[in-house]
1. Pairs only if they're at least six apart or on different chains, beta carbon under 7 angstrom, first in the range 248-260 and buried (at least 24 other Cβ atoms within 10 Å of the Cβ), second not in a helix (DSSP H, G or I); list them, first residue then second.
2. Working only within the range 347-374, note down all residues that are surrounded by 24 or more Cβ atoms within 10 Å (Cβ to Cβ), of a type outside the set (Asp, Glu) and assigned to a loop (DSSP other than H, G, I, E, B).
3. So residue 560 ticks every box in (1) in a loop (DSSP other than H, G, I, E, B); (2) at pLDDT 50 or above; (3) of a type in the set (S, T, N, Q) but one. Which box is left unticked?
4. Conditions: (1) assigned to a helix (DSSP H, G or I); (2) out of contact with any Lys or Arg (no Cβ under 7 Å at 6 or more places or on another chain). Residue 237 meets all but one. Number of the miss?
5. For residue 70, are the conditions met, namely being in the same structural domain as residue 247 (by TED's automatic domain parsing), crowded, with 24+ Cβ neighbours inside 10 Å and not in a helix (DSSP H, G or I)?
6. Quick one: is residue 328 in a helix (DSSP H, G or I) and in contact (Cβ under 8 Å) with a residue 40 or more places away in the chain?
7. Assigned by TED's automatic domain parsing to the domain that holds residue 348, charged (D, E, K, R) and within 11 Å of the chain's Cα centre (by Cα): does that describe residue 101?
8. For the range 563-578, give me the residue count where each residue is within 15 Å of residue 408 (Cβ to Cβ) and either at pLDDT 90 or above or among the hydroxyl-bearing types (Ser, Thr, Tyr) (or both).
Amino acid sequence: MEDESTTPRRGSAPRGVSLMCSTLCTKLIRTKSLGLDALSTPLKRCLSTLELTLLSIGAMIGAGLYVLTGTVAHEMCGPAVTVSFLIAGLASLLSALSYAEFGARIPRAGSAYVYTYVTVGELFAFVVGWDLVLEYMIGAASVARAWSGYIDYLAENRISNWTDQHLLITDLRPFADKPDLIAFGVVLVVMLLVILGAKESSTMTSVLTVVNLMVVVFIIVSGLMMADLHNWTDYGGFMPFGWRGLMNGAASAFFGFVGFDVVGNSAEEARDPARGIPVAICVSVILTIFSYLGVSAVLTLMVPWTAINPRSALASAFRLRGWNWAGSIVAVGAMCAMSASLLASLFALPRSVYALASDGLFYHPFAKVSEKTRVPWLATLVFGFLTALIALLFNIESLVEFLSIGTLLAYTIVAASVIVTRYQSHFPHELAGLDMIPPWFEQGEEELSKEALRRRREQPGVLKQAYSFVPLLQGAEPGQAVSAAVLIMAIFEVGLAMLVMYGFNATTYRQIWAGVGVVAFTVGLVLTLVIISLHKQNRNIMTFKVPFVPVLPAISMFLNICLMVSLRSITWIRFAVWMVVGLLVYFSYGVRNSHASLPGSEQLSDYVIMPKRKESVRKAELVRVMRRRDSKNGEKDNEETEKLIQAEGWEIKDFRDKSRDPPGTEVTSPIVSVEGYSATDHGKKSLPPDDNLTDSEDDGDSKNEDIKEKKYT
């Protein structure tokens with residue numbers, strides 16, 4: 001008889017497989033915890049709001065303004081190019097509002113990646129992060145290609161003639177017909193400039209952007225002086241390519257507004273992210289919309305759309321009207337604009353890779369930060385060189401389409417995340433500036449108002465009391481019904497977008513069928529919005545908030561999906577190949593090395609760190625100190641926190657959960673030791689060491705009870 005101890009139990013294998021699948025699914029949906037030390041970073045906080053704004057404008061007003069406007073007008077939609085840019089601009093503005101809210105609430109590098117990681121889960125976050133890497137590489141490469149083409153145009157095609165004679169010419173798409181050595185070289189030069197530091201890169205971008213904006217004003221003013229309205233009514237009318245051409249133009253024009261998310265990637269280098277990021281994003285997008293509308297309008301008013309030269313639309317338009325000298329001014333603006341756009345893209349690229357690597361989802365060496373320049377130097381070198389290779393080998397048309405699909409997908413996920421998080425509780429670091437603050441600190445000597453107390457007691461994500469009779473929504477966990485409704489709404493929007501883009505161009509029978517489908521999908525979309533609106537929102541967010549949630553994020557999702565649907569199928573195939581490569585990286589490395597914390601892996605202290613100001617301190621500026629169970633990581637976090645306190649001149653105040661009354665003795669210190677937290681400022685009482693701020697292997701419930709019972713002398 002076989003030994004029972006060595007005989008496998010019946011059904012143990014299926015249970016083992018089920019356990020493995022359950023563990024894997026748990027890892028795929030785990031979220032990133034920022035703890036309560038949200039502002040701590042190894043990067044250097046040195047960028048002001050103005051510098052962030054100019055950085056964003058420089059990223060958007062580049063090759064799109066001087067190259068894309070002529071291409072869209074001449075080949076896609078004629079004078080309706082202004083409407084195409086308006087549609088693309090509004091879609092970008094709605095997406096920008098979502099980025100502004102998350103950028104203020106989550107001041108971390110990574111932009112849409114970190115927003116998705118904190119709110120949705122790890123797998124979606126990696127897809128978005130991998131998407132961002134593609135976006136910045138393709139964006140930089142396409143601008144470098146446009147930069148090279150403009151140089152060749154100014155040199156009267158001498159460069160292209162030389163390459164045609166001496167370099168190999170191919171006809172294999174999506175590769176270019178010949179290598180672009182100038183684009184390759186300019187990417188390498190800008191990459192070296194980015195390595196010098198964030199402040200140096202930002203200063204150069206700001207100078208180039210200011211010059212570019214001055215040229216844009218010159219183009220609009222001088223173009224209006226030569227405007228001829230007959231160019232909009234003759235030559236096929238205002239929309240010679242019809243509705244389809246208008247939407248195709250909007251999808252291509254969307255490329256011109258890609259780049260404002262560079263501000264989100266610079267969040268860890270912003271001096272005041274809670275205020276600077278929303279202001280920089282919104283102002284830069286609005287100015288960019290007016291710039292594109294003005295330039296595209298005067299371009300099609302100066303000359304007929306049939307006479308526009310796509311390679312040098314503005315310069316050739318001025319020459320046709322006899323202003324040959326204006327071509328030199330346009331050339332200066334074009335070179336400054338494309339240089340600033342290239343610099344901004346290569347500035348954001350390594351920070352996206354750094355965000356992935358610092359979370360363990362990408363190879364750890366790419367998270368290394370230079371001690372001297374405080375930039376991720378290895379990510380800058382490696383991915384800068386890969387961008388140079390893309391600029392060397394691929395044509396600009398394929399690059400632009402490839403860029404749009406990844407960016408639109410990221411925008412859609414971020415807009416959906418705004419709806420989901422609006423019906424959830426605060427992030428941990430926000431609680432440090434809201435729920436953990438005692439009333440005596442928040443209101444001074446005044447009592448809290450009834451409205452403030454009511455908001456504190458409200459739990460977001462639950463069904464409103466007036467609609468508690470709805471049977472399907474009763475008993476759901478807070479925020480669960482909203483998350484399910486957002487997913488269903490996204491499905492309805494995909495169906496509606498496909499019908500709007502393709503259904504009405506079919507035969508008469510299919511038009512009727514498409515009309516019925518549009519009504520059905522619209523009704524379903526409205527019902528999901530109603531279901532979401534029946535739940536309580538988190539109205540106590542102290543930073544920038546997107547207005548009219550969930551309507552505006554839902555509109556943003558729909559516009560982005562429409563633009564994605566209008567792209568060619570070959571673009572989707574190439575995008576799928578890129579995603580397959582990324583998923584191989586994730587499942588072979590990221591899923592096993594992720595730093596995402598399991599529930600209860602972080603312990604929070606009873607201290608709040610705040611900037612020392614003469615005026616009242618805003619709740620959004622408060623940051624809690626935390627520790628980790630892992631002693632090695634905890635020591636590193638404490639060192640970074642101490643550096644942050646010393647650099648910013650912050651002070652520490654002690655708040656206890658048990659006592660909500662003001663402490664008898666105020667304990668402050670301009671420079672505080674994170675390990676001991678002792679204060680000896682002019683004879684004030686010192687603070688005894690707190691075990692909750694140091695690393696320990698004992699994490700039992702009994703120790704936590706002891707910590708709560710400690711009293712100060």
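1. Within 7 Å, the pairs are 251/566; 251/567.
2. Within the range 347-374, 361, 362 meet the criteria.
3. Of everything listed in (1) in a loop (DSSP other than H, G, I, E, B); (2) at pLDDT 50 or above; (3) of a type in the set (S, T, N, Q), residue 560 misses just condition (1).
4. For residue 237, the failing item is (1).
5. Numbers: in the same structural domain as residue 247 (by TED's automatic domain parsing): yes; crowded, with 24+ Cβ neighbours inside 10 Å: yes; not in a helix (DSSP H, G or I): no.
No, not satisfied.
6. On the way: in a helix (DSSP H, G or I): yes; in contact (Cβ under 8 Å) with a residue 40 or more places away in the chain: no.
Taking the combined requirement at face value, the residue does not satisfy it.
7. On the way: assigned by TED's automatic domain parsing to the domain that holds residue 348: yes; charged (D, E, K, R): yes; within 11 Å of the chain's Cα centre (by Cα): yes.
Yes.
8. Selection size over the range 563-578: 2.
The values are calculated or read from the model by the stated rules, or taken from the named source; none is laboratory data. What you are looking at is a predicted structure, and each value in this text was computed from that prediction instead of being measured. Glycine gets a Cβ as well: all are built from the backbone with ideal geometry, and neighbour counts include every protein chain shown.
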